[in-house]
Amino acid sequence: MGRRRLIALGFVVGSLLGIGLYARRGRSSERVDLYFADGSLVSLYSDSPEAAPLLVHARDALRAARR
Amino acid sequence: MTEPSVALAELTEISTQIESAVLFDADGKVVAATIPQERAAQVATSAKALLEQAGQIGEGELTQVEASTEEGSLFVVKDSTTMIAASTSAEPTAGLVFYDLKSALRAAAEPPAMPKPKAAAKPKPKRATPPKSSGTS
């Protein structure tokens, strides 16, 4: 009985970890990191309204660089 | 002076992650690039717009930006007068790329190395004129 519970618990923990990692990976695929002179860093992910126009410029530059 | 184009050539030689780089001034005018002029001008325009828009977000002075997209990453680093934009493949080692870009910016901004002045010709030591012999010993 105890062994079954342990296996079930392991399965649940593993699933949660997998979901977390997958969500994190998906979220970090597109982002903009801003580095300031005082050493601070601001990360804007693609789902933030501030990142969208910055990513447009970045894609334009990348396309021009690779054309 | 390290020519800006030489600095960029060394940059792409040293860094395996950087695909192309464009050096431009505060007006967006291309100073040097590893890609053809027309494309470099477009990269400079977009990178400058990116910096300007990003600069409005934080309160401090923006010095560098990394924009990661599915197609690859765009890095922009600025100093007081010039900026450099570089494209890399997806998921580069950001710290290394920033280090290489800053080194290239510094190299391009270095004052010209002055040629060593020729050593001034030493005046030949004057021969001591032998005392005139009086003819008598």
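Is there any pair linking a residue in the range B:23-52 that is within 12 Å of chain A (Cβ to nearest Cβ) to one that is in a loop (DSSP other than H, G, I, E, B), with Cβ under 7 Å and at least six apart or on different chains, and which?
The qualifying pairs are B:R39/A:R67; B:A44/B:G28; B:T45/B:G28; B:K48/B:G28.
Hey, can you tell me all the residues within the range A:37-67 that are under 16 Å from B:Q56 (Cα atoms), within 7 Å of another protein chain (Cβ to nearest Cβ) and either surrounded by fewer than 18 Cβ atoms within 10 Å (Cβ to Cβ) or of a type in the set (S, T, Y) (or both)?
Result: A:A37, A:D38, A:S40, A:V42, A:E50, A:P53.
Check B:G28, B:G58 and return the single one that is under 26 Å from A:S29 (Cβ atoms) and either surrounded by fewer than 19 Cβ atoms within 10 Å (Cβ to Cβ) or among the hydrophobic types (A, V, I, L, M, F, W, C) (or both). Talk me through it step by step, then tell me what you get.
Working: B:G28 fails: under 26 Å from A:S29 (Cβ atoms).
It is B:G58.
If B:L8 passes every condition in (1) within 20 Å of A:R66 (Cβ to Cβ); (2) surrounded by fewer than 21 Cβ atoms within 10 Å (Cβ to Cβ) but one, which one does it miss?
Every condition holds for B:L8 apart from (2).
Quick note: the coordinates plus some simple rules give every number you see, no bench work behind them. Predicted model, so just to flag it, every value in this text is computed and none were measured. Glycine gets a Cβ as well: all are built from the backbone with ideal geometry, and neighbour counts include every protein chain shown.
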